[in-house]
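The values are calculated or read from the model by the stated rules, or taken from the named source; none is laboratory data. Just so it is clear, the model here is predicted, and its values are computed rather than measured. Cβ: placed from backbone, ideal geometry, glycine included. Neighbour counts: every protein chain shown. To get the accessible areas, we keep the full protein, side chains included, count just its heavy atoms, and leave off ligands, DNA and RNA. Shrake-Rupley method; radii C 1.70, N 1.55, O 1.52, S 1.80 Å.
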Amino acid sequence: MNGKITLKGKITSLCISPDFSETIVGSAEGLMYRMRNSDMKTVKVSESHRGPITAVTFPRDSSDRFATCSIDGSIVVWDLTDYRILCAGRCRDGGIPTCIAFAFECIISGWTDGKIRCFDGETGEMLWDISDVHKGGVTALQVSYNQRFMITGGENGDIRVWDIKSREMVSHLKEHTSAITSISIFEDDAHALTGSKDRNILCWDLRHEKRVASLRQRMGGINSFALLPDQLQVVSVGQERKLSFWDLREPDPVPPPCFLSLACFFLAVFSHLPPLNSHLLSCSSHLSSPTSSSLPPPTPTFLFYPCHTPSSLYFALSLLFFPFPPQRP
């Protein structure tokens with residue numbers, strides 16, 4: 001058989017089936033094709049980012065899709081029911097996307113070149129951008145519940161509030177002394193939490209533009225945190241290589257059993273260098289009630305995937321909370 005086909009991206013790998021009827025083709029664009037050798041007809045079987053993923057986000061009202069961004073400059077929306085890509089966008093000259101959030105049917109992202117870029121959540125087309133959001137790059141981003149404003153954090157510890165419709169800055173908060181790593185907005189859209197490499201998690205009154213509470217990690221900066229549905233309890237991960245549990249009414253960390261009253265699931269991504277590998281820790285407090293009051297209370301379940309290396313070699317990169325586990329098909 002003689003012939004030629006053109007696929008997207010440089011061909012990086014080929015694997016022929018034992019009966020020589022089909023060939024699996026891989027490309028530098030993160031695509032895999034299944035080709036029928038008799039007529040060279042191809043079907044795309046999978047696609048992915050071409051580089052490490054830098055951020056993941058879910059819509060607030062859904063767990064059947066999520067978005068990711070990568071150092072290759074791509075933004076991808078995935079369908080969790082069949083694991084296919086719904087849409088993908090790309091910016092080739094904007095540095096690296098570091099954070100993303102859903103806003104209506106759009107994906108808003110922060111980049112190392114200091115810009116905010118908005119992509120259409122259905123087509124992947126870039127709709128607009130905001131320049132000079134943060135000197136040194138945007139390191140964290142979160143959209144409000146009413147989706148009218150967003151909060152961004154920068155490399156120098158600045159917190160800025162932006163009106164999404166006008167794309168104008170409406171507030172500037174500054175108390176952190178190092179890079180902002182995580183932001184959460186309360187359901188009332190009047191308060192927010194910010195975490196930083198300076199070891200602090202600060203609670204802000206957005207209407208009065210002032211700090212109202214402070215939590216300080218004893219050792220190591222805050223890499224990420226998750227605000228739980230009761231709007232009082234927080235789980236953080238950091239450079240000290242452990243999960244910390246907080247109550248906003250208490251200045252010091254609290255024991256994990258305080259979280260047992262909540263039905264919650266959260267994920268932490270762990271890595272170690274070198275080489276760069278990602279590992280997943282899953283914690284659930286959605287546990288069955290004891291059948292007898294004489295039984296001891298349940299304890300949170302922690303699972304590592306995989307566990308080939310001692311946990312002391314890992315540090316937690318990010319933490320993501322979701323109120324119920326995603327359903328597999």
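Remark: the stretch 1-140 carries 54 Å² of accessible area per residue (probe radius 1.4 Å; ligands, DNA and RNA excluded). Placing dummy labels 7 Å off each Cα toward the beta-carbon, the span from Asp205 to Lys242 is 3.4 nm. Just to confirm a number: summing +1 for Lys and Arg and -1 for Asp and Glu over residues other than Val235 whose beta-carbon lies under 13 angstrom from that of Val235, what do you get? It works out to a net charge of -1.
Around Lys115, under 9 Å between beta carbons, what's the net of Lys plus Arg minus Asp minus Glu among the other residues? Write down the numbers at each step before the final one.
Details: positive: Arg117; negative: Asp113, Asp129, Asp132.
Computed value for this residue: -2.
Surface composition of the stretch 38-93: carbon plus sulfur atoms contribute 50% of the solvent-accessible area (1.4 Å probe, protein chains only, all chains present). Can you classify the stretch 132-210 as rounded, prolate or oblate using the Cα gyration tensor, where a ≥ b ≥ c are the square roots of its eigenvalues, rounded means a/c under 1.5, and otherwise it's prolate if a/b beats b/c and oblate if not? Taking the square roots of the gyration eigenvalues as a ≥ b ≥ c, the stretch 132-210 is oblate.
Taking a sphere under 9 Å around the Cβ of Leu173 and counting the other residues whose Cβ falls inside, with K and R at +1 and D and E at -1, yields a net charge of +1.
Since only Phe58, Ile96, Leu127 are under comparison, the one whose Cα sits farthest along the positive direction of the charge dipole of the stretch 58-128, derived from C-beta charges on Lys, Arg, Asp and Glu, is Ile96.
Summarising the amide proton neighbourhood of Ala213: residues at separation of 5 or more, or on other chains, whose placed amide H is nearer than 5 Å comprise Cys203.
Please give me, ordered by residue number, the trypsin sites (Lys or Arg not before Pro) of the stretch 122-165 that lie in loop per DSSP and have at most 15 other Cβ atoms within 10 Å. Before the final figure, lay out each step's value.
Values: sites: Lys135, Arg148, Arg160, Lys165; in loops: Lys135, Arg148, Lys165.
Here the trypsin sites (Lys or Arg not before Pro) that fit, given the DSSP loop and packing criteria, are Lys135, Arg148, Lys165.
Rounded to whole Å, give me the distance from the Cα center of the stretch 218-232 to that of the stretch 70-105. Taking the Cα centre of each part, the stretch 218-232 and the stretch 70-105 sit 25 Å apart.
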